[in-house]
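Asks: Please find one structure pasted underneath; my questions will follow.
Bear in mind that the values in this text are calculations on the coordinates, not laboratory data. Because the structure is a prediction, the values reported are computed rather than measured. Cβ placement follows ideal geometry from the backbone for every residue including glycine, while neighbour counts extend to all protein chains displayed.
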Ligand SMILES: Cc1ncc(C[n+]2csc(CCOP(=O)(O)OP(=O)(O)O)c2C)c(N)n1
Ligand code: SF4
């Protein structure tokens, strides 16, 4: 990561585009926290790339002044991984929702953890598909009763932090959009930590899950004590409330490094090779 | 946040400079948030509330500038990641309190709540074991915030309270009850 002494205020990392999210959406807190984290790290906007998939949360790249790539549903991690390998000098932050990351993108999530490429993955988890109007997602509670899931799905929730830890993510944490300053601190640590950093962000969807406004009463600040011992972290997750905040795990695995010399090819040659 | 309380990260200010840095960070955060909320309402064509939030942003911006002038600071101290005992500054509106159909009355109630919290925040400092000049500055700031509470209440009295069902949308976005 290029931490340089450019004293940009957090507002300097926000673009001119105004978010179209519903007023009250948790995702505003992520733009706020990300811009504070970039400012704290004194990164230059041109040294950052925010990559996303599809969903309300995935609109984030448009709202930041850094490079951005609003990709394909579920494929944000694939795009982010390719970018980081090709441009290791960039700070790559991959963003998206629980639908994007754990349904259609679930397999990419496992392998991104396993590969341990040096980037940060921020999942705005609202336990619903917001953009497509309220279908249950993998993290939706089994008894969430709605018109689209009468009596609930009856399915056990996906456990992102357990999966991330078991699959090899080198940094695992949880933040909350109602505490953007606390989230900014977690994001700073995540971006500084080498390897694949996974940050689960509890981000209420006030439109389809208005009951999530109560999350601010449930979250437990600084509930995790960071450890470099994966076994200890796994044990801690056994009694996680789902609302415990903080850094759970900061491991010591070396990040993925491509073997052999980098193949530098002119863009024209690459273009020729891709002609159908 | 009513869960496990945040470890008090704010050491008690030992000087007026430290105290005013904290007051400054509070005004900056409040002003930025109101401006952001104005944008949110504007995007959703709720012009009346957007205008009101923009006005509140200007008022908080004025308070911020008054602190700079009082302290003779050209730039304020860095407020980027200021840790409060509460998740955000005592005068900052929680994002989650917004509703796209909200009315000026709701916005003013939020402002009243913020000013009241700010006053209580300064009153706590005024009652804490801090140097006498810090206590005097805290008392003064608390009085100012109490005055803001009164002004907002006067403003509220001129605004009609919402009718029941104000948040009912004839064309609701939610298909999930
Ligand atoms: C290949 C593909 N399949 C399905 C969709 C429809 N789709 C768009 S966003 C989305 C899910 C969004 O949910 P989530 O990722 O949780 O984000 P949120 O909107 O809640 O932030 C789906 C299924 C799509 N755009 N592309
Ligand atoms: S539908 Fe939900 S997730 Fe999407 S912008 Fe609205 S509140 Fe946010």
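Asks: If you average the sequence gap of Cα pairs under 8 Å that are 6 or more apart and divide by the length of chain B, what percent do you get for the contact order?
Replies: Values: 183 pairs, mean separation 45.5, N = 177.
That works out to 26 percent.
Asks: For each of A:167, A:57, A:137, count neighbouring Cβ atoms within 10 Å of the residue's Cβ, then give the residues from fewest to most.
Replies: Values: A:167 17, A:57 30, A:137 24.
Neighbour counts put them in this order, fewest first: A:167, A:137, A:57.
Asks: Another question, if that's okay. Taking just the alpha carbons, could you work out the radius of gyration and Dmax for region A:1-90, both in angstroms?
Replies: 13.1, 38
Asks: Give the Kirkwood hydrodynamic radius (Å, one decimal) of chain B, defined as one over the mean of 1/r across all pairs of different Cα atoms. All intermediate terms of the calculation are to be shown ahead of the outcome.
Replies: On the way: mean 1/r = 0.0571 Å⁻¹.
Averaging 1/r across every pair of different Cα atoms and inverting gives 17.5 Å.
Asks: Let me ask something else about it. At a Förster radius of 35 Å, what calculated FRET efficiency corresponds to the Cβ-Cβ distance of residue A:231 and residue A:263, to the nearest 0.05?
Replies: Working: r = 39 Å, r/R0 = 1.12.
Approximately 0.35, to the nearest 0.05.
Asks: At 222 nm, what value in deg cm²/dmol follows for the protein assembly as shown if DSSP H runs of at least 4 each add -39500 (n - 2.57) and the sum is divided by all its residues, to the nearest 500? Intermediate values should be presented prior to the final figure.
Replies: Values: 13 runs with 182 residues, N = 453.
The helix-only estimate for the protein assembly as shown comes to -13000 deg cm²/dmol at 222 nm.
Asks: Additional query: Output the antiparallel fraction of DSSP beta bridges having both residues in the protein assembly as shown, as a percent to the nearest 5.
Replies: 20 percent
Asks: Right, here's the next one. Note the angle between two axes, namely the Cα long axis of helix A:180-192 and the longest principal axis of the Cα atoms of chain A, as a number of degrees from 0 to 90, rounded to the nearest 10.
Replies: Around 40 degrees separate the two axes.
Asks: While we're looking at this one, here's another question. So how tilted is helix A:27-40 from the main axis of chain A? Cα-based, degrees 0 to 90, rounded to 10.
Replies: Taking the Cα atoms of chain A, the angle to A:27-40 is about 40 degrees.
Asks: Does anyone have the angle between helix A:106-115 and the longest principal axis of chain A? Alpha-carbon axes, 0 to 90°, nearest 10?
Replies: With rounding to tens, the tilt is 50 degrees.
Asks: Give the percent of DSSP beta bridges with both residues in region A:10-272 that are antiparallel, rounded to the nearest 5.
Replies: On the way: 7 of 36 bridges.
Once the DSSP bridges in region A:10-272 are tallied, antiparallel ones form about 20 percent.
Asks: Could you line up B:154, B:145, A:141, B:91 from fewest to most neighbouring Cβ atoms inside 10 Å? Working shown, then result.
Replies: Values: B:154 9, B:145 24, A:141 15, B:91 27.
The order, fewest Cβ neighbours first, is B:154, A:141, B:145, B:91.
Asks: Say R0 is 56 Å: what FRET efficiency, to the nearest 0.05, do residue B:155 and residue A:159 get from their beta-carbon distance? Write down the numbers at each step before the final one.
Replies: Values: r = 48 Å, r/R0 = 0.87.
Calculated transfer efficiency: 0.70.
Asks: While we're looking at this one, here's another question. List the residues of region A:244-276 whose backbone N lies under 19 Å from a point placed 7 Å from the Cα of residue A:114 along the Cα-to-Cβ direction.
Replies: A:253-259
Asks: Give me B:132, A:157 sorted ascending by neighbouring Cβ count inside 10 Å, so fewest comes first.
Replies: Details: B:132 7, A:157 18.
With the sparsest Cβ surroundings first, the list reads B:132, A:157.
Asks: Using a ≥ b ≥ c from the Cα gyration tensor of the protein assembly as shown (square roots of the eigenvalues), is it rounded, prolate or oblate, where a/c under 1.5 gives rounded and otherwise the larger of a/b and b/c decides, a/b for prolate?
Replies: Details: a/c = 1.70, a/b = 1.40, b/c = 1.22.
Cα axes put the protein assembly as shown in the prolate bin.
Asks: Taking chain A as a Gaussian network, Cα atoms linked when under 10 Å apart, which of A:53, A:260, A:105 shows the biggest mean-square fluctuation?
Replies: Evaluated over chain A, the most mobile residue of the options is A:260.
Asks: For chain A, modelled as a Gaussian network with Cα springs under 10 Å, which listed residue fluctuates most, A:88, A:19, A:266?
Replies: Taking springs between Cα atoms under 10 Å, the residue moving most is A:266.
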